[in-house]
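Below is one structure; the comments refer to it alone.
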Amino acid sequence: MVKIGSYDVIVVGAGHAGIEAALVSAKLKASTAVFTLSLDAVGNLPCNPSIGGTAKAHLVFEIDAMGGEIGNAADATSIQSRTLNLKKGPAVHSLRVQTDRLKYTSYMKHVLEKQSGLDVIQDEVVGISVKNNKVAGVYTRLGAFFAAKCVIIATGTYLGGKIFVGPAGYSSGPDSVSSSDKLAEDLKKWGVSMRRFKTGTPARVHRRSLDFSKMKVQSGDEKPVTFSFMSDFTPKNLVDCYITATNERTHEIIRNNLDRSPLYAGMIEGVGPRYCPSIEDKIVRFPDKKKHQLFVEPCGLETEEMYLQGMSSSLPIDVQYEMYRTVPGLEKVELMRPAYAIEYECCDPTTLKPSLESRVIEGLFGAGQFCGTSGYEEAAALGFVAGVNAARKTQNKQAVVFERSGSYLGTMIDDLVTKGVTDPYRIMTSRSEYRLVLRQDNADRRMCEIGREIGSVDDERYERFQRNSRKLENELARMKVTGIKVSEEINEVLSSIGEDRLNSSTTIENLLKRPRVSYEAIKRFDPDGDLTDEETAKKAEIEIKYEGYIKRQKKQVEKQKKYEKMRLREDMDYRKVHGLRIEAVDKLSKVMPLSIGQASRVSGVSPADIAVLTIWLRKHGDKKQ
């Protein structure tokens, strides 16, 4: 091996995790290189061509607030924008953007190329160099050695990737890009605990072969919004999506061919995602369901490929044709790319610290699907954190740990490193105990200051954030004192939505505290309504309407923070803590939590164990705690 170069941080993989890791590392002034198997696959969207969705959008907003790139890319390449769950409370409102797949990858590649302090290299990393239990660099397939102080593994589904279409299993990553098999074996050699997971994707089909008259049209929002508060344009809805569904005939074909499914024939070892099962898995797990919904989505403006969301499969190609052609609107479907399942290697995330650094090898970080997650947004968030902490480690700075009470990003990492995973992890709003205060509309207020402190938020972004914050404060103050006069017209509006009529003048704030009153419904009665910024007014409405709930949840957050501040040593010997159950000793010794708060969330650790540990810490721990 010939030494070619030396970097502070090397990122292995240029998918969604690798992109965020490489960009933020370089922004933090760490000399950085990102390695990819193919420059044409940078930021690839190998599954659905969309960004966001329930809870996933929250991650995108959080990354954007700290200066990440995924939100900008989604906005710049959006072809349809919809906010989901609008009939529910604001905690679950989630933006989902249909992107142009080819433009998205081109955008991300160009962003990497323009970033100063970052080298983009096409070569396969086949191994890592470790000296005195510290990472020292990487070896590549072309016979090169690159020295590094920190290495981030962000290999996605390419690490030990194996694709299945029926019994035909072969080594590969998505879209015919080669898999990375040697690196997987090398990591195992160094003691990295690995496991095998599986995911899948549906077929891509030709637009001309579809009959949209048999499907329900799903259009974008009338007033589409952006992920990034730095985006100064209104996105346009350039395409429609469509909805159809499977039927009993579809299910019969699948049931009759389960013996040809590699999943049910025992050929696939990896564990698949619980919340995004294949169509054959749905048929087996939900035998009483008469149909399963299917979303037909464009892959871009300059391609005729359409994506069949909700019908991933690993069945043989002949069965795929047969089952897809039973679906209304797909009777003459032409497959351009078949559906497939893919197995890949990932690490046991409980072997990672909350900083995403390995407990086994100093300076080695994990990001994205390597940490046991599923999804572009989860990957991007983990990549951002790994990039921040790898750069900071090279600069002898303390790692940044995101609290679960402050972000979905923190919730996800805490779940991964504390509880571990048995199947690919997907973020959901139900995973957070604090979802009323962790909304997509307040992500900038929760995360931008953190990004500024880290150094990832530049002056332009920070000034925009401060302006927006002042606008919200002013709007809340205005709504508190601005009066609404009694009139027959406003009472008719209130009666029509099931609210009591006004007997005397009141303020906008008091009206908005009524459960069925929205600002949109009363805006015409606001004397300053024409001057009010719509987005700011909406944020103010949420703060007013849910003030009581938010205050209660903030009290819970503050109470939990006391336990998060009770720090545990990383070299803690739990065998010396008398009174802990054997199971608790084993679980705590494996996870090595950083605080009493984290320890309380370790599976198998009881409240009684936490009480014992807290008493021990007060007697024997650092007096400053």
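Read the figures in this text as sums done on the coordinates, not as results from a lab. Since we're looking at a predicted model, the values are computed, not measured. Every residue, glycine as well, gets a Cβ built from its backbone with ideal geometry; the counts of neighbours run over all protein chains shown.
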Expected-Rg normalisation [2.2 N^0.38 Å, Cα atoms] applied to segment 373-493 = 1.45
Gyration tensor (alpha-carbon) shape descriptor, the chain, a/c threshold 1.5 = oblate
Taking the Cα centre of segment 410-508 as origin, work out the dipole magnitude from +1 charges on Lys and Arg Cβ and -1 charges on Asp and Glu Cβ, in debye rounded to 20.
-> 140
How large is Rg over Rh for segment 204-343, taking Rg from the Cα atoms and Rh as the Kirkwood inverse mean of 1/r across Cα pairs?
-> 1.02
The long-range amide H neighbours of GLN80, using H built 1.01 Å from N in the peptide plane and a cut-off of under 5 Å, are GLN98, LEU238
Overall form of segment 305-382 per C-alpha gyration tensor (a/c, 1.5; a/b vs b/c) = prolate
Assign unit charges at the C-beta atoms only (+1 for Lys and Arg, -1 for Asp and Glu), then state the dipole size of segment 246-350 relative to its Cα centre in Debye, rounded to the nearest 20.
-> 520
Rg to Rh quotient for segment 479-547, alpha carbon positions, Kirkwood Rh = 0.92
Residue farthest toward the positive end of the dipole of segment 204-343, with Cβ of Lys/Arg at +1 and Asp/Glu at -1: which of ASN256, TYR321, VAL205?
-> ASN256
What helices in the chain pass both tests, a Cα length along the helix axis of 24 Å or more and a mean Kyte hydropathy of 0.0 or higher, using whole DSSP H runs?
-> 376-394
³J(HN,Hα) computed for each position of segment 206-212 - Karplus, 6.51 cos²θ - 1.76 cosθ + 1.60, integer Hz, glycine/proline x = 7, 3, 5, 8, 9, 10, 6
Among PRO287, VAL177, PRO354, flag the residue with its Cα farthest along the positive direction of the charge dipole of the chain, charges on Cβ as +1 for Lys/Arg and -1 for Asp/Glu.
-> PRO354
Once the Cα gyration tensor of segment 464-613 is diagonalised, semi-axes √(5λ) in Å | 52, 17, 11
Rg and Dmax of segment 565-620 over Cα atoms: what are they, in angstrom?
-> 9.6, 25
Alpha-carbon spread of segment 20-177, three principal axes, descending order, Å | 56, 48, 29
For every helix of n ≥ 4 consecutive DSSP H residues, a contribution of -39,500 (n - 2.57) applies; sum these over the chain, divide by its total residues, and give [θ] at 222 nm rounded to the nearest 500 deg cm²/dmol.
-> -10000 deg cm²/dmol
So which GluC sites (Glu not before Pro) in segment 552-608 pass both tests, a DSSP loop state and at most 16 other Cβ atoms within 10 Å of the Cβ?
-> GLU570
The farthest towards the positive end of the charge dipole of the chain, of the residues THR77, SER278, VAL130, given +1 on Cβ of Lys and Arg and -1 on Cβ of Asp and Glu, is VAL130
Determine ³J(HN,Hα), in whole Hz, for all residues of segment 424-435 in sequence, where each value follows from phi through the Karplus function 6.51 cos²θ - 1.76 cosθ + 1.60 and θ = phi - 60°; x replaces Gly and Pro.
-> x, 7, 10, 6, 9, 4, 5, 6, 9, 6, 10, 5
The distance between the Cα centres of segment 527-577 and segment 60-137, in whole Å, is 26
Alpha carbon centroid spacing (whole Å) that separates segment 304-324 from segment 370-427 = 33
For THR326, what is the net charge nearby, where nearby means another residue's Cβ is under 10 Å from its Cβ and Lys, Arg count +1, Asp, Glu -1?
-> -2
Rounded, prolate or oblate: pick one for segment 414-552, where a ≥ b ≥ c are the square roots of the eigenvalues of its C-alpha gyration tensor, a/c under 1.5 means rounded, and failing that, prolate if a/b is larger than b/c, else oblate.
-> oblate
Hey, which of these cross-link pairs are over 18 Å Cα-Cα: LYS56/LYS538; LYS353/LYS587; LYS3/LYS149; LYS88/LYS291; LYS56/LYS162?
-> LYS56/LYS538; LYS88/LYS291; LYS56/LYS162
How big is the charge dipole of the chain about its Cα centre, in debye rounded to the nearest 20, if each Lys and Arg gets +1 on its Cβ and each Asp and Glu gets -1 on its Cβ?
-> 2180
Kindly provide the GluC sites (Glu not before Pro) of segment 329-389 that DSSP labels as loop, not H, G, I, E or B, and whose Cβ sees at most 14 other Cβ atoms within 10 Å.
-> GLU331
Percent of beta bridges antiparallel (DSSP, the chain, rounded to nearest 5) = 70
